[in-house]
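J.: Mind looking over this structure? Questions follow.
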Amino acid sequence: MDVPLALPLAVEGLRLRYPHESRVVLRGVDLTLRRGEVKLLLGPSGAGKSSLALTLNGLIPHQMEGDIRGRVLVNGTPTTVTTLAALTSQVGMLFQDPEAQLATLTVADEVAFGMENLLVPPAEMAGRIHAALDRTGLQGLEGRGTNALSGGQKQRLALASTLAMGVSILVLDEPTANLDPVGTSDFFKLLAHLKAEGVSVLIIEHKLDELVEQVDSIAVLDWEGKIALDGPPRQVLAEGRDLLEQLGVWLPQVCDLANRLLDRGLAVEPYPLTIGEAVAALSQLVDTGGPSTSSEDMPQPDRSNLLTIESLSYRYPQGEQALREVNLHIQEGDFYALLGPNGSGKTTLAKHLVGLIRPQAGTIKLAGKDLTRLPPAMLSREVAYVFQNPEHQFVALTVYDELAYSLRALKLPEAEVKARVDRLVEEFGLVEHSRSNPFSLSQGQKRRLSVATMLALEAKVLILDEPTFGQDHENATRIMRELQRLNAGGVTIVMITHDMKLVGEYARRAGVLIAGRARYNGSVAGLFADDMLLREARLDLPPVYEVSRQLRATRGDFPLCLSVDRMVEEICSRSGISRAAASSTR
C-alpha cells in the first residue's frame, strides 16, 4: 500500500500571541498548500498576514518569540521540532525590501551565500548558481555588483538565492512592493514557471490585477486573525465580495468595477477576473444600452506655475548622474503624479524640491522665488515631504509626540497642537497607538503616521513618495481622500508612485522621468494615450482604462475612462440608471 505524500505545508488550529501583548494575533488558523499550488493570502492591515508568514519557516518561534498553539507542518513535520537550518532548506522567504536580504558584493556570491550556510558541497554550487540565475532571468550577471542592480533585479536575485538553497516552498510577503509596473509583471510571470516545476507558493500581495491569473486559490484573514474565506479565486472574489468590502482589502480593478455595477443593479456575468472577461461581460451591457449621456472629460484650465524646474542636473558623489537638464512645471493647486521606472531620478528630484539636495546646475523656483534662497524654516512651512521609507523621518518616542513635533517647533499654542494631533490620529486610525513608539508600529501604520505628520504642518505643497505603500484598500482610500480634501482646499499635491490606478483615479497632470531626463509634462489622459512612452517608462495602463479602450475599438462613441468612477457612470448612463435610482438598489 502506497503511503500518501504529506502536504508541503499544513497549518492546523494555529494560535499566536506575541510576548507582553494581550492581543491574540492569529486564532485557530487552518490552511493548506499543495505541491505546485500558488495561494494568495489577503487580509486588512494588522490582520496577521506577515505574522502567519513568519511561522511558516520557523522564524517564529525559533528566531522570534511567540506563544504558539496548534501546529505548522512542513512536509509533514512540525516546525517546532525541526531546526531552523532544516526549515530554511525547505521553505524560502522573500520580503518587501530585497536590499534587506542581500549580504554580499556580487551576484554569484549572493546566490552562493545561502548554500554556504547550509554546507552545500562547493562542487555542487556552480550548477545550482547557474540554474537559479537562469530560472530568474539573471544569467550572464554573475560578476555584476549587487549595488549596480535595479530594484527588480535585486528582487529576482533574492529569489534566485532562495531557490538555489533547494527550497520547495516559497513564502512571499509583498515581493513587488518596490518594483515598477514592468518589474512587477516580470516577477509575476516567474510564478508560472515555478508552479510548473512543482514549487508551492504562498504570496501576500496588494497588486492583484496580473497576479490573479497565476493564483490557484485565495485565503482571507479577517480582523480577528481567523481564515474567513478559502477557495478558488472566482468563488472567493465573487461570493465573498460583501465580506471583502467590509474588510477593506485590495481587489483586482475589474472586480471593483463589477462590484460597483452590481451595487447599481446591473448584472455583470460572468463575474470577471481579467480584462478580457470584463470586456466580454460589459459588451453585453453596452450593446443593450442607449447612447452615452456623459460628456468627455473637459480640459483643465491653465493655472499659474507654482514650482518651476529649469535645466536641473545632479550627479551623486559616487559618480551616478541622477538628473539631466530636467525641465518641469507644477501648477498651483495641481494634483500631480511624478512617474518613471526604478532609478529614473524621481526621489532625487523630490529631495531637491524640499531643499535636502541643492542643485548643481539649473534652477528651482517656488512661486517665482529661487527655492535655494528661502530660509529652511520658511521652506518647511511651504513644502512638506513624506519619505518613501517612513522610518527616515521619525524623531520622537511616541506617535503623539511625532505628530506634535513640528507643530511645537513652530511654537503653536499647545491647545491647537492637541486639536490637530487628535484629529489626525482619529483620521488615520492611530488612536490606540498614540502612546506607542513609532518604530514599534506595523509597516502600514508607519506609513499612515508619516503621512499624518506632514499633513499636520498644513503646507502649501505636499510631496509624497509612494503615499499608499503597504496599505490595504481601506487605509489607502482614507489617505487619498484626505489628499483630495486638501487639494480641493488649494494644497498642491505631488505624488511619486508606480501605481497607475492611483494616477488614473486621482491625478490631473503627470510628469515622466526616464534615465534622469524629463520626457513628459502634461495631462494624465495624454500620457495614457502614448503607448510608446508608456513602454519606454516601464508603466502600464490601469485595467479599467484598457477595458474602455477595447470597448471603444468596437463602439467608437465609448469614452476612454481613467477611473472606475467614470466607467461606472458611463455604463449606468447608457443603461438608464441614475444615481438616485441606484441608491434604492443597495
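J.: Against the definition (modelled with pLDDT of 90 or more, under 25 Å from Q96 (Cβ atoms) and of a type in the set (G, A, S)), how does A10 come out, yes or no?
T.: No: the conditions fail for A10.
J.: Would you mention how many residues in segment 135-186 are touching a Lys or Arg at 6+ places or on another chain (Cβ under 8 Å) and closer than 11 Å to L94 by Cβ?
T.: 4
J.: Another one. Which ranges mark the helices (runs of 4 or more DSSP H) fully within segment 1-119 that have 1 or more residues being surrounded by 14 or more Cβ atoms within 10 Å (Cβ to Cβ) and of a type in the set (D, E)?
T.: 107-117
J.: With a cut-off of at least 2 residues that are closer than 23 Å to L541 by Cβ, at pLDDT 90 or above and open to solvent by 10 Å² or more (accessible area, probe 1.4 Å), name the strands (runs of 3 or more DSSP E) lying wholly within segment 236-341.
T.: So the answer is none; nothing clears 2.
J.: Of all residues being touching a Phe, Trp or Tyr at 6+ places or on another chain (Cβ under 7 Å) and under 22 Å from T162 (Cα atoms) in segment 209-222, which is surrounded by the fewest Cβ atoms within 10 Å (Cβ to Cβ)? Just the residue, please.
T.: Among residues in segment 209-222 that are touching a Phe, Trp or Tyr at 6+ places or on another chain (Cβ under 7 Å) and under 22 Å from T162 (Cα atoms), the one surrounded by the fewest Cβ atoms within 10 Å (Cβ to Cβ) is Q214.
J.: Condition first: at pLDDT 90 or above, open to solvent by 50 Å² or more (accessible area, probe 1.4 Å) and either assigned to a loop (DSSP other than H, G, I, E, B) or basic (K, R) (or both). Now tell me which residues in segment 409-437 satisfy that.
T.: P413, K418, R423, R435, N437
J.: Something else about it: What number of residues within segment 532-547 satisfy the criterion of being touching a Lys or Arg at 6+ places or on another chain (Cβ under 8 Å) and either without any contact (Cβ under 8 Å) to a residue 60 or more places away in the chain or loosely packed, with under 15 Cβ neighbours inside 10 Å (or both)?
T.: 3
J.: Residue under question is A86, and the condition is that it be over 30 Å from the mean Cα position of the chain (by Cα), farther than 27 Å from E474 by Cβ and either aliphatic (A, V, I, L, M) or at pLDDT 95 or above (or both); does it hold?
T.: Judged against the criteria, A86 is a match.
J.: Also: Which of the residues spanning segment 187-208 are touching a Lys or Arg at 6+ places or on another chain (Cβ under 9 Å), open to solvent by less than 40 Å² (accessible area, probe 1.4 Å) and part of a loop (DSSP other than H, G, I, E, B)?
T.: G198, V199
J.: Select from segment 164-180 the residues that are open to solvent by 10 Å² or more (accessible area, probe 1.4 Å), of a type outside the set (A, V, I, L, M) and under 19 Å from the mean Cα position of the chain (by Cα) and write down the one among them that is modelled with the lowest pLDDT.
T.: Here the residue is N178.
J.: For residues that are open to solvent by 10 Å² or more (accessible area, probe 1.4 Å) and touching a His at 6+ places or on another chain (Cβ under 9 Å), tally how many sit in segment 442-461.
T.: Summing the residues that are open to solvent by 10 Å² or more (accessible area, probe 1.4 Å) and touching a His at 6+ places or on another chain (Cβ under 9 Å) in segment 442-461 gives 1.
J.: Additional query: If you go through segment 430-464 one residue at a time, how many are touching a Phe, Trp or Tyr at 6+ places or on another chain (Cβ under 8 Å) and among the hydroxyl-bearing types (S, T, Y)?
T.: Within segment 430-464, residues that are touching a Phe, Trp or Tyr at 6+ places or on another chain (Cβ under 8 Å) and among the hydroxyl-bearing types (S, T, Y) number 3.
The values are calculated or read from the model by the stated rules, or taken from the named source; none is laboratory data. Since we're looking at a predicted model, the values are computed, not measured. As a convention, Cβ positions derive from the backbone with ideal geometry for all residues, glycine included, and neighbour counts pool all protein chains shown. We work out accessible area using only protein heavy atoms, side chains counted, and drop any ligands, DNA or RNA first. Shrake-Rupley method; radii C 1.70, N 1.55, O 1.52, S 1.80 Å.
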